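Below is one structure; the comments refer to it alone.
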Amino acid sequence: ICGFGKMGEDLCVRMARSNMDFVVVDIDKSRTERAKSLGFRAFLADASRVETLKMLDIGQKAKAIIAVTKNDITNISIILAARSISPHIKIIAKSNEANNEQKMLFAGADEVIGLKQGALALAEFLGSPIAFQAIKDLIVDDKHILADELSVGKCKKPIFISSLDMEQFGCLALAVKKESGEYIFNPSETLELCVNDKIIVIGRPKRIEGLKLKLLRRESA
């Protein structure tokens, strides 16, 4: 994991909970010290340098690299360095600016994640190879597939996942984040949605917008 900012730390915590083996790389000493204080293995180094990635056995022992620094140019440099070492390693990168997402894909990233909560939910699927592969295939095959979140407002009648007819919109619900912070992954059709719940979905942008309108109509019905 390259970059131990807010998202990097959150990713590490989630991966540690899933008993996944990983190391942190950051050029900022205070961040590597923070990572070590949380019990994570961390190296003070520049992840955009090929020499650093080779030292970490990228493409050999390390099967994936996640670039989540706050600088898109740095993330692109990490992607290029990693891809130059291995054509097969899985590369996931954070895009701080939407107009840089395509550049990261061209540079060799397999997935580009944004700053919305949906990106963090996607990271949780790293602990489930089958679920993650299914999402990966969708994104790689169609670069217009995005992750987004729908907020549930006050409603007059109970709203269930089934009532949103997600299949009609070609969308898939990855998870529901409860107001308490709890995630319910692969939510069932019978799950009742509550005020302030966040539904994390993937789909085409226009289809997701249609799903948002459907949710608003359900809330006002």
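The values are calculated or read from the model by the stated rules, or taken from the named source; none is laboratory data. Quick caveat, the model's predicted, so the values are computed rather than measured. Counting neighbours? That spans all protein chains shown, and the Cβs are built from the backbone with ideal geometry, glycine included. Ligands, DNA and RNA are excluded from the accessible area calculation, which covers all protein heavy atoms including side chains. Shrake-Rupley method; radii C 1.70, N 1.55, O 1.52, S 1.80 Å.
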Which residues qualify? For Ala175, with a placed amide H closer than 5 Å and at least 5 residues away or on another chain, they are Asn186, Ile200
Magnitude of the Cβ-charge dipole of the chain, K/R +1 and D/E -1, about the Cα centre, nearest 20 debye?
260 debye
Treat each spin label as a single point 7 Å out from the Cα along the C-beta direction, and report the Glu97 to Glu189 distance in nm.
4.5 nm
Nearest-5 percent of antiparallel DSSP beta bridges in the chain?
55 percent
If you rank Phe43, Phe4 by how much accessible surface each has, with a 1.4 Å probe, what is the order from largest down?
Phe43, Phe4
Along the charge dipole of the chain, pointing to its positive end and built from +1/-1 on Cβ of Lys, Arg, Asp and Glu, which listed residue (Leu174, Ser30, Leu11) has its Cα farthest out?
Ser30
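What does the helix-only formula give at 222 nm for the chain: each DSSP H stretch with n ≥ 4 adding -39500 (n - 2.57), the total divided by the residues, and the result rounded to the nearest 500 deg cm²/dmol?
-12000 deg cm²/dmol
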For the stretch 150-165, in residue order, the Karplus 3J(HN,Hα) values (coefficients 6.51, -1.76, 1.60; θ = phi - 60°; whole Hz; Gly and Pro = x) are 10, 9, 8, x, 5, 9, 7, 10, x, 10, 10, 3, 4, 6, 8, 6
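Quick one: Kirkwood hydrodynamic radius for the chain, alpha-carbon pairs, angstrom, one decimal?
18.4 Å
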